[in-house]
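Remarks on the structure that follows.
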Amino acid sequence: MIKVSGLTKDYGQRRAVNDLSFSIERGEVVAFLGPNGAGKTTTMRILSGYMPPSAGKVEIGGYDIFEDSLKARQIIGYLPESVPLYPDMTVFEYLKFMAELRHVKNVDDRVDEVLELIHLEDRSQSLVSRLSKGMKQRLGIAQAIVHKPEVLILDEPTIGLDPSQIIDMRNVIKEVGKEHTVLLSTHILSEAQQVCNRVLIINKGQIVAEDTTENLQNRLTGGQRVMVKLDGAVEKALPVISSLSGVKSITQKSDNSFEFETAQGEEIRPQVAKKLVENGFGLLELHTSSLSLEEIFLQLTQDEPVAAGQDVVSYNN
């Protein structure tokens, strides 16, 4: 539903987007991740028809966003970074106005349906100016989906929402994503992990990774990371485990736990458990651990990669 090829955008001498190419199919929810200034918002503005590129091609539902702009935009729902609202309208009036602009049939019924979906039905007669920031964000999403778009482009859709509202909005996005194409940018990396089928990570205007979170974890670590917790005596256990074939590296995490990495394709957890028990160590816990999306993000977007297992700070707004 979304096909991007060679997309480039220059602002004078500065290149904000550099030769991007990717595609998103119907039924996919894809996260667009990157640090501030990476080119996410610029790319989404181009995809929505809001601004032209310097070079490249974009197709939305088979329509060229530049040559068939009107047809392409008819099937797009767009939530920009700053939500476009009319403060002197009521919630119902605003959504009705947006629905009429989109030539929605049975406007009143559709507005009622969307208000219920985003849990604003009890504020339908409130002035937009009197809504909280979170409610305004929900209203912005409502205007993006009121015409049942085939493609939904969301720039930071949950910013300003409280934890309960974030959960509700994730459910809305998942529901919409079952039949439609959704591209969303977010700084809440756990959100991308929970909602999206795939992630695109952009840095300095270029895509540095495109895959599922699981596949990215495997690519960056090469093998499994295994956490082991013992009933003490970790220092004595480390040389026992490091001697096993297939153990690439081993790191003590605390007084009673350590972590080791295996070679790619190696499954040595049974041997590890057997070896520990045979040598009289009290094995309390043994499980695989994966790179978090935060660790993946930082490894791919920082000049100095973050070592596996190193503490990182969640990249949130």
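Bear in mind these aren't lab numbers, they're just calculated from the coordinates by the rules spelled out. Just so you know, these numbers come straight off a predicted model, no measurement behind them. A quick note on method: Cβ atoms are made from the backbone with ideal geometry, for glycine too, and the neighbour counts reach across all protein chains shown.
Would you please put 174-180, 283-289 in order of how densely packed they are, using the mean number of other Cβ atoms within 10 angstrom per residue and starting with the highest? Let's see the in-between values first.
On the way: 174-180: 15.3, 283-289: 12.7.
Going from most to least packed, we get 174-180, 283-289.
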Legend entry - Simple label model, 7 Å out from Cα along Cβ direction - THR90 to SER254, nm: 5.6 nm
Inset, instruction - Answer rounded, prolate or oblate for the stretch 29-107, using the Cα gyration tensor with square roots of eigenvalues a ≥ b ≥ c: rounded when a/c is under 1.5, else prolate when a/b is larger than b/c, else oblate. - result: oblate
Legend entry - Label point distance in nm, GLU179-ASP19, each placed 7 Å from Cα along Cα→Cβ: 4.1 nm
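Computed FRET efficiency, Cβ-Cβ of GLN206 and ARG269, R0 51 Å: what is it to the nearest 0.05? Walk me through the numbers on the way to the answer.
Values: r = 38 Å, r/R0 = 0.74.
Rounded to the nearest 0.05, the efficiency is 0.85.
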Inset, instruction - Quote the charge dipole size of the stretch 153-194 about the Cα centre in Debye, to the nearest 20; the model charges only the Cβ of Lys and Arg (+1) and of Asp and Glu (-1). - result: 140 debye
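Out of the DSSP beta bridges found with both residues in the chain, what percent are antiparallel (nearest 5)?
Details: 37 of 54 bridges.
Restricted to the chain, the bridges split so that about 70 percent are antiparallel.
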Legend entry - Selection from LEU95, ILE153, GLY282 lying farthest towards where the dipole of the chain points positive, charges on Cβ: ILE153
Legend entry - Computed helical MRE - 222 nm, the chain, DSSP H runs ≥ 4 contributing -39500 (n - 2.57), nearest 500: -10000 deg cm²/dmol
Legend entry - Amide H contacts under 5 Å for ILE202, placed H, 5+ residues apart: LEU33, GLY34, VAL208
Inset, instruction - With a 10 Å radius around each residue's Cβ, average the other Cβ atoms per peptide and rank 125-135, 95-105, highest first. - result: 95-105, 125-135
Legend entry - Distance between the stretch 1-61 and the stretch 149-196 - C-alpha centres, whole angstrom: 18 Å
Inset, instruction - Take the Cβ-Cβ distance between SER245 and HIS287 as r, set R0 to 30 Å, and report the resulting FRET efficiency rounded to the nearest 0.05. - result: 0.90
Legend entry - Projected label distance in nm at PHE97 and TYR11, using a 7 Å step from Cα toward the beta-carbon: 2.9 nm
Inset, instruction - Give me the number: length gained by fully extending ASP109 to LYS3, i.e. 0.36 nm times residue separation minus the C-alpha to C-alpha distance, one decimal in nm. - result: 34.8 nm
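Which of the peptides 106-115, 34-43 is most tightly packed, and how do the rest follow, judged by the mean count of other Cβ atoms within 10 Å per residue?
Working: 106-115: 16.6, 34-43: 20.0.
Top to bottom by mean Cβ count within 10 Å: 34-43, 106-115.
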Legend entry - Overall form of the stretch 121-266 per C-alpha gyration tensor (a/c, 1.5; a/b vs b/c): prolate
Legend entry - Most fluctuating residue given options GLY246, GLY61, GLY280, as computed from a GNM of the chain linking Cα atoms under 10 Å: GLY280
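Roughly how big is the chain's charge dipole about its Cα centre, with Cβ charges of +1 (Lys, Arg) and -1 (Asp, Glu), in debye to the nearest 20?
Details: 34 positive and 44 negative charges, 88 e Å.
So the dipole magnitude of the chain works out to roughly 420 debye.
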